[in-house]
């Protein structure tokens, strides 16, 4: 699993995530101490640039003669104002940089269409204020939305929901409701909602936790001015339940839904989560243009034919669709409307297609997915009389019948004569019948006759388990439901749901307390299998006794085929090798022309390639420095020139220095950095230098070093580039 950095790149999409988006903006602004200049709930407070003080003018002397210098008091005041100005201008530039970072984050985290609303705004405050007027919900709207989310979150579906995911959703809804101080979460009301939901999963734990909550509520009612203790907070109670659930949760086969179940490789059945997978497939990955969470083809603003009676048009959503359609050069929306019209026509012809299909001799009612290797299964049944470890001495009345079972998710066959073998069963493929476990013998398919309104037709059942010890064969209703086949116990039929109508598929026979898909009192007749020997059209390799024809190869080709042989060796191939036409054409490559030959015969390989290309992405990010020794000593005694060059702007800086020792170089580099910060309002990230060994050396020490010390310093300086 890869490690991800903590990021909060939330894209502003509307009222749905305005609260989270403005929260991130506020955190970034507060970190830079600039929220007071951005807060849209307060009047504008622009950042003012400090004014540079002017030098005082000379005053007239007492004798009336013109003065040449200002008074001492004016100069002192001027120096104080100037010192204050430099401090203020430094703080101003820092705040301006922070405001620029906030503005850059805003432009990166909003949709492209929103840039037209804020591009003419001069300040960040005006930009945030404009977005707030567009998307910030009112207090009543926010309370209504949070209340609906909490009402939906406190409902737990014990069989369909993941406990940990539900706990996360419930805690999120509770936290949002608590921030708005809604009455639904006042006091211990949310605790009681949690107990009601947990009771469906674990009634014993819910009873134990409710006693502790009732005691804590009585103590809190005696003095409501005090906050609820930490051990009684909802987050603490929920965390304790999650810890208990993770500790006691078992991944064994769950048999509380029926009398017996089957597993393969000890894994649960994927059909238990089939409805959840279908629900996830019906949810789009991104919201629609209107902002709602549905597919474009289901949007009533894109296709007005989907607007039902009493539909209220939202002007804001309609404007989004209209703006997109004006820029829709490819006609995407028109294609969606045309696709919906074709689909509507197809649905009207759907019933006629089913009527035509009824003329066939076979009918499909099973899910139809093939049996995958090492897949997982789990089956349940509603009666225990279908199973026994030993054969009964008398014939069971349902031994040759197929019984409909609403609690199993695999079909079970007890007659190997009508079983079509497809895959062997493993040691982990078992059926749990109450407290008894029996092994599945094989996996395969079975063809059954059905009594349909149009006569007897044949259907094929997939994923059938062979267990001869069962007293009856079982048809899984859950697998039929995957093919949109349902059971009507009042009319004793299997039907297919077609839109709002029902189409009968097969009639069932009720015997005692069971519904029989196929009712037999005698075993089915065994159909004799006639085997035929026939030839397939698979091509087999053909071998020829004829010698291979000579190949026409050039010397460059033979040079590669013969492991980079030399020209003399290639000339003798035609005399000693069969199958090569005489003589080979062309000329063999020389050693210098073949890269492999050059590398294999080279005594030493020296690479002059730079490890990485040095560049810059912004002005003054990377600055190269160099020291040049003057031929003549300058008038001020300086002997060297310090040269700095910006790789992005090609800007040059030149300073003369007296020495090249560490102190002098550190001083001039610091001076360069301050100049760039002051003049260009940016900072230097990288400083690169060549491998000259004279950096940081005094003239005396350079001559006194031994050859060994010089060699060591050269190796140390050649390891890398200086980086700040």
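Can you classify region 139-249 as rounded, prolate or oblate using the Cα gyration tensor, where a ≥ b ≥ c are the square roots of its eigenvalues, rounded means a/c under 1.5, and otherwise it's prolate if a/b beats b/c and oblate if not? Before the final figure, lay out each step's value.
Working: a/c = 2.06, a/b = 1.10, b/c = 1.87.
It is oblate, given that a/c is not under 1.5 and a/b is not larger than b/c.
In terms of its alpha-carbon gyration tensor, region 18-135 comes out prolate; a/c meets the 1.5 threshold, and the first ratio a/b outweighs b/c.
Mean separation of Cα pairs under 8 Å and 6+ residues apart, divided by the residue count of region 139-249: what relative contact order is that in percent?
Details: 64 pairs, mean separation 25.7, N = 111.
Relative contact order comes out at 23 percent.
By the count of other C-beta atoms within 10 Å, a proxy for reagent exposure, 117, 186 are ordered fewest to most as 186, 117.
No value in this document is a laboratory result; all are computed from the given coordinates. All values reported here derive from a predicted model rather than from experimental measurement. Cβ sites come from the backbone with ideal geometry, for glycine too, and all protein chains shown count toward neighbours.
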